[in-house]
1. For the stretch 55-83, what are the residues that are in a strand (DSSP E or B), of a type in the set (S, T, N, Q) and over 13 Å from SER21 (Cβ atoms)?
2. Would you point out which residue out of GLY44, GLY52 is part of a loop (DSSP other than H, G, I, E, B), free of Cβ contacts under 8 Å to residues at least 60 places away in the same chain and at positive phi?
3. Would you confirm, using the coordinates I've provided, whether GLU93 is out of contact with any Phe, Trp or Tyr (no Cβ under 9 Å at 6 or more places or on another chain), loosely packed, with under 15 Cβ neighbours inside 10 Å and in a helix (DSSP H, G or I)?
4. Return a yes/no flag: does the stretch 6-18 have any residue that is out of contact with any Leu (no Cβ under 8 Å at 6 or more places or on another chain) and crowded, with 19+ Cβ neighbours inside 10 Å.
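Please treat every number below as a calculation from the coordinates, not as lab data. Model, not experiment: these values are computed from the prediction. Neighbour counts are summed over all protein chains in view; Cβ atoms, including those assigned to glycine, are modelled from backbone coordinates with ideal geometry.
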Amino acid sequence: MVQVHSPRPKFVKKQIHVYYSGQVQGVGFRFTTEEIALKLGVAGWVRNLDDGRVEVTAEAEEERLKEFLERISHYFSKYIQDTNTQWLAATGEFKDFKIKF
């Protein structure tokens, strides 16, 4: 019998779709989020929404995404009022991280 080892869960790529609300526009949120993503090897994008929220879609291993979210939350703790995060299966569509305008 051949045993097939599946990847350990923390190394499986996932996708997150996040909405941040509060005073999250005009405080360098997009640029700082891009910088954090690039340092951690997270791919995806960030953009401002017309209703004042910031939207982020990102892919990486689950542990990297958790670190990514933690760093954003820590850095902008005075500005974020609410966070809505949805965890999804990775699509592999992103090769880098960028700011959408």
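1. To start, the set of residues in the stretch 55-83 that are in a strand (DSSP E or B) comprises 55-61, 80-83.
With the extra rule that they be of a type in the set (S, T, N, Q), the set shrinks to 57, 81, 83.
Once the filter is applied, which keeps residues that are in a strand (DSSP E or B), of a type in the set (S, T, N, Q) and over 13 Å from SER21 (Cβ atoms), the stretch 55-83 yields only THR57.
2. Details: GLY44 fails: part of a loop (DSSP other than H, G, I, E, B).
So the residue among GLY44, GLY52 that is part of a loop (DSSP other than H, G, I, E, B), free of Cβ contacts under 8 Å to residues at least 60 places away in the same chain and at positive phi is GLY52.
3. Numbers: out of contact with any Phe, Trp or Tyr (no Cβ under 9 Å at 6 or more places or on another chain): yes; loosely packed, with under 15 Cβ neighbours inside 10 Å: yes; in a helix (DSSP H, G or I): no.
Here the answer is no, as GLU93 does not meet what is asked.
4. Let us first name the residues in the stretch 6-18 that are out of contact with any Leu (no Cβ under 8 Å at 6 or more places or on another chain), namely 6-13.
Those still in the list that are crowded, with 19+ Cβ neighbours inside 10 Å too: none.
No: zero hits.
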